[in-house]
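The values are calculated or read from the model by the stated rules, or taken from the named source; none is laboratory data. This structure is a prediction, so every number in the text was calculated from the model and none was measured. Backbone-built Cβ (ideal geometry, glycine too); neighbour counts: all protein chains shown. Just the protein is used for accessible areas: all its heavy atoms, side chains included, with ligands, DNA and RNA removed. Shrake-Rupley method; radii C 1.70, N 1.55, O 1.52, S 1.80 Å.
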Amino acid sequence: MTITRTICLGFLAIITIGTLLLMLPISITAGTWNSPINALFTATSAVCVTGLSMVDPGTYFSFWGQLTIALLAQVGGLGYMTTTTFLLLLVRRRCDLRQKIAMGESFDRPFLQGSNSLLISIISTTLIFELTGIILMLFVFQQEHGFKSALWLATFHSVSAWNNAGFSLFPDNLSSYRGSILINLVISVLIIFGGIGYQVIIEMYAWLVSYFKKDKARFIFSLNFKVVTSTTAFLLIIGTIGFLLSEARDPDTLANIPVQEKLLAAWFQSVTTRTAGFNTIDIGKMTAAGIFLSMALMFIGASPSGTGGGIKTTTLRIVFNATRSVLRGQEEVVMYRREVSVSLILKAVAVVFGSMMTVIASTLVMALVENNNAEINFLQILFESISAFGTVGLSMGITGKLSAWSQLVLILTMYLGRVGVILFMAAIIGDPRPNVIQYPPENLLVG
C-alpha cells in the first residue's frame with residue numbers, strides 16, 4: 001500500500017469509528033439512536049476540522065457526544081499519521097521508515113531525521129496552547145456558568161479553536177461574546193497559531209531561544225517562515241479592513257454596535273474565515289461584498305503543516321509571484337532572494353486548479369439537486385461548498401435544509417479538502433513513474 005493511500009484510508013477509518021460512536025444513544029441528549037447521515041456528517045466535519053453541522057452540537061449531543069467530537073477534531077487537526085505515530089511512541093515502539101515518510105507527507109514536509117523529537121514538539125506545542133486557552137477562557141465562562149460547565153466549555157472551545165474546527169456549544173456560536181476582548185483574542189490567537197503551521201511555531205521558538213541567549217551567530221529564517229508569516233499578516237489586515245468597509249453600515253451586522261465591537265468583529269471575521277468557522281455576526285445577513293470576501297479568504301485558507309485547509313498561503317504566494325514574473329518578462333520565480341523550483345510551481349498550479357475543479361463540481365451537483373428547493377439559492381450553495389472544501393465551517397444557514405444527497409456531496413468535499421486534492425489523486429493513481437522520454441518543445445498560444 002502506498003503512503004498516500006495509508007493517509008487517506010487512515011482518515012476514513014477514523015471517520016467510520018466516529019460515525020459509529022455518534023450514532024449511539026449515549027451520544028445524544030434525547031437518548032435515542034442518531035441518524036446515520038447526521039452521525040457521518042458530524043464525524044466527517046470533526047475529523048476534517050470543518051465545523052459544519054446539521055444540528056446544534058451544544059443541545060443535540062450529550063457530554064459524551066461532545067467529547068467524541070472534540071477528540072475527533074483533535075485527531076483530525078494533528079493528522080492521522082501524527083496521532084498514530086505518537087501512540088506508538090507511548091508504547092515505546094520505534095517508528096519505521098514508512099511511518100516517518102507518511103507523517104512527513106501528511107504535514108506536507110518530507111523529513112526522515114529527528115521525526116520522533118519533532119513529533120514530541122508538535123504534541124507539546126498543542127498542549128501548551130490548548131491549556132493556556134482553557135485557563136484564560138475559564139475566567140470568562142465561569143462568570144455565567146458553574147465551574148464544571150465553564151471548564152468543559154473552555155476545554156471544548158480551546159480544542160476546537162486550536163484545530164481550526166469551528167464547532168461551538170452555543171446556539172449562536174460566539175455571537176454572545178462579540179464584545180469580549182479576552183474571548184476574541186484567545187480564540188483568534190489559537191486559530192492563527194493552529195493554522196500557521198508547526199514548522200513556523202518551532203522556528204519561532206528557536207529564534208526566541210537564540211535571541212535570549214544572545215547568540216552571536218545570526219539566526220536565518222527559512223523561506224517557508226518568511227512567506228507564511230508575511231502572507232498571513234497581509235491577509236489578516238486586508239480582511240479586517242475589508243469587513244469593516246463592507247459591514248460597518250449594514251444594520252444587520254455591524255452598524256448598530258459600538259466602535260470597539262465593530263473592530264473586534266471585523267478582526268475576528270478576518271481570522272475565522274481562514275478555515276476556523278467561528279462567527280460573532282450572522283453570516284446569512286452579511287452584505288454581498290462581505291460574503292464574497294469571506295469566500296475568497298476561505299478558499300485561500302491556512303498554511304502548510306497547520307490544522308487548517310484551503311489552498312494554503314504558500315500556494316497563493318507562489319502563484320502570485322509566478323504571475324508577477326511573467327508580467328516582468330522573467331523566467332525565474334524569486335521570493336526573498338530564493339528561486340522557487342519548477343516542481344513547486346507546477347504543484348502550486350495543480351493545487352489551485354484541482355481545488356477550483358472540486359469546488360465547481362461540488363457546487364454544480366448541489367445546485368442540480370437543490371434546484372426545486374425554494375429556501376436555498378445559488379450563492380448559499382457556493383458559499384457552503386467553499387466552506388466545506390476549505391474546512392472552514394461557516395454557513396449561511398442552509399446545512400440542515402439540504403437534502404441527503406447534497407449533504408453527502410459536502411461530506412466528500414470536506415474529506416477532499418482535508419486530505420488534499422493532490423494527495424487524494426496520488427492515492428488513486430499510485431506512485432508516480434519517472435518519465436524517461438523527453439519530447440521536443442513547441443510554442444502554444446496562451447491567454
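Numbers below:
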item	result
Residue list for region 243-269, filter: part of a helix (DSSP H, G or I) and either open to solvent by less than 60 Å² (accessible area, probe 1.4 Å) or within 19 Å of D172 (Cα to Cα) (or both)	F243, L244, S246, E247, E261, K262, L264, A265, A266, W267, F268, Q269
Residue count for region 324-345, restricted to those that are free of Cβ contacts under 8 Å to residues at least 12 places away in the same chain and either in contact with a Cys (Cβ under 7 Å, 6 or more places away or on another chain) or charged (D, E, K, R) (or both)	6
All positions within region 192-237 that are under 17 Å from the mean Cα position of the chain (by Cα) and open to solvent by 50 Å² or more (accessible area, probe 1.4 Å)	F193, Q199
Residue within region 429-439 that is at negative phi, part of a helix (DSSP H, G or I) and either open to solvent by less than 100 Å² (accessible area, probe 1.4 Å) or touching a strand residue (DSSP E or B) at 6+ places or on another chain (Cβ under 9 Å) (or both) present	no
Condition broken by I381, with the remaining ones in (1) open to solvent by less than 60 Å² (accessible area, probe 1.4 Å); (2) within 16 Å of S45 (Cβ to Cβ); (3) free of Cβ contacts under 8 Å to residues at least 60 places away in the same chain satisfied	(2)
All positions within region 397-447 that are among the basic types (K, R) and over 20 Å from I15 (Cα atoms)	K401, R433
Spans of helices (runs of 4 or more DSSP H) in region 1-83 with at least 2 residues among the hydrophobic types (A, V, I, L, M, F, W, C)	3-23, 36-47, 63-78
Odd one out for L364 among (1) surrounded by 15 or more Cβ atoms within 10 Å (Cβ to Cβ); (2) more than 22 Å from L40 (Cβ to Cβ); (3) at pLDDT 95 or above	(1)
Which numbered condition I360 fails, given (1) without any contact (Cβ under 8 Å) to a residue 40 or more places away in the chain; (2) in a helix (DSSP H, G or I); (3) within 30 Å of A161 (Cβ to Cβ); (4) not hydroxyl-bearing (S, T, Y)	(3)
Subset of region 291-310 (residues that are buried (at least 17 other Cβ atoms within 10 Å of the Cβ) and modelled with pLDDT of 95 or more)	I291, L293, S294, M295, L297, M298, F299, I300
Residue tally, condition crowded, with 21+ Cβ neighbours inside 10 Å, touching a residue at least 60 places away in the same chain (Cβ under 8 Å) and of a type outside the set (S, T, Y), over region 142-173	10
Cross-chain or 6+ apart pairs with Cβ under 7 Å, region 280-291 first and touching a residue at least 12 places away in the same chain (Cβ under 8 Å), then of a type in the set (A, V, I, L, M)	T280/L174; T280/A265; I281/L254; I281/A265; I283/L394; I283/M396; G284/M396; I291/L379
Boolean, I411 is out of contact with any strand residue (DSSP E or B) (no Cβ under 9 Å at 6 or more places or on another chain) and at pLDDT below 95	no
Members of region 117-163 that are charged (D, E, K, R) and within 23 Å of the chain's Cα centre (by Cα)	E130
So V75, is it surrounded by 15 or more Cβ atoms within 10 Å (Cβ to Cβ), out of contact with any Leu (no Cβ under 7 Å at 6 or more places or on another chain), among the aliphatic types (A, V, I, L, M) and at pLDDT below 95	yes
Candidates T280, T287, T272, T240, filtered to the one that is surrounded by fewer than 24 Cβ atoms within 10 Å (Cβ to Cβ), touching a Phe, Trp or Tyr at 6+ places or on another chain (Cβ under 6 Å) and polar (S, T, N, Q)	T240
Restricting region 396-408 to residues that are among the small types (G, A, S) and part of a helix (DSSP H, G or I), the residue that is least open to solvent (accessible area, probe 1.4 Å)	S406
Criterion (surrounded by 15 or more Cβ atoms within 10 Å (Cβ to Cβ), small (G, A, S) and in a loop (DSSP other than H, G, I, E, B)) met by exactly one of G393, G417	G393
Options N373, N321: the member that is closer than 17 Å to S403 by Cα, without any contact (Cβ under 8 Å) to a residue 40 or more places away in the chain and open to solvent by less than 90 Å² (accessible area, probe 1.4 Å)	N373
Which listed residue is closer than 18 Å to I411 by Cα and touching a residue at least 40 places away in the same chain (Cβ under 8 Å), from T44, T59, T16	T44
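Residues are listed down the side, and each one gets a yes or a no for (1) assigned to a loop (DSSP other than H, G, I, E, B); (2) under 17 Å from G195 (Cα atoms); (3) modelled with pLDDT under 95:
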| residue | (1), (2), (3) |
| --- | --- |
| R274 | yes, yes, yes |
| G277 | yes, yes, yes |
| G284 | no, no, yes |
| A289 | no, no, no |
